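First comes the structure, then the notes that go with it.
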Amino acid sequence: MTQRPNYVVPTGDFVEEWMEDQGVSAAELSRRLGVSRRHVSRLLHGEVPLSREMALRLEEVTGVPARIWNLHETGYRERWLAARPGGHPEGR
């Protein structure tokens, strides 16, 4: 049986890691993505789901394929739901 971690990492953590590596501020990222600073903040903290459109915008800005951003988001949302009280048994 494969053990799963008992925590979830929002897609925003991966975005923040890219930002740190590139020296890009949240304000600059919001400008490049064409969204508000508040939206970027909420995305970074996992408060809003990553849309397919935003994944495509991230691909344009970061060079990381949208499918990778979508995979991170899908995994995060699945683990987040499973971690909630009443989530799916066996952590799925």
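Note on Rg and Dmax of the Cα atoms in Å: of the candidates (i) 15.0, 46; (ii) 14.1, 45; (iii) 11.7, 32, the value calculated from this structure sits at (ii).
Here is how the number arises for the chain: DSSP H runs of 4 or more residues each give -39500 (n - 2.57), the sum is divided by the residue count, and the result at 222 nm is -19000 deg cm²/dmol. The angle separating the long axis of helix 66-83 from the principal Cα axis of greatest extent in the chain is about 40 degrees.
Of the residues Gly12, Gly46, Gly63, the one that moves most in a GNM of the chain with alpha-carbon contacts below 10 Å is Gly63. Quote the relative contact order of the range 17-85 in percent (integer), defining contacts as alpha-carbon pairs under 8 Å separated by 6+ residues. Relative contact order comes out at 20 percent.
Please determine, in degrees from 0 to 90 and to the nearest 10, the orientation of helix 52-62 with respect to the longest principal axis defined by the Cα atoms of the chain, where the helix direction is its Cα long axis. Long axis of 52-62 versus the principal axis of the chain: about 50 degrees.
Of Val8, Val15, the residue with the largest accessible area leads and the full order is Val8, Val15 (1.4 Å probe).
The values are calculated or read from the model by the stated rules, or taken from the named source; none is laboratory data. All figures in this text were calculated on a predicted structure; none of them were measured in a lab. When the accessible area is computed, the model is the full protein with side chains, heavy atoms only, and any ligands, DNA or RNA have been set aside. Shrake-Rupley method; radii C 1.70, N 1.55, O 1.52, S 1.80 Å.
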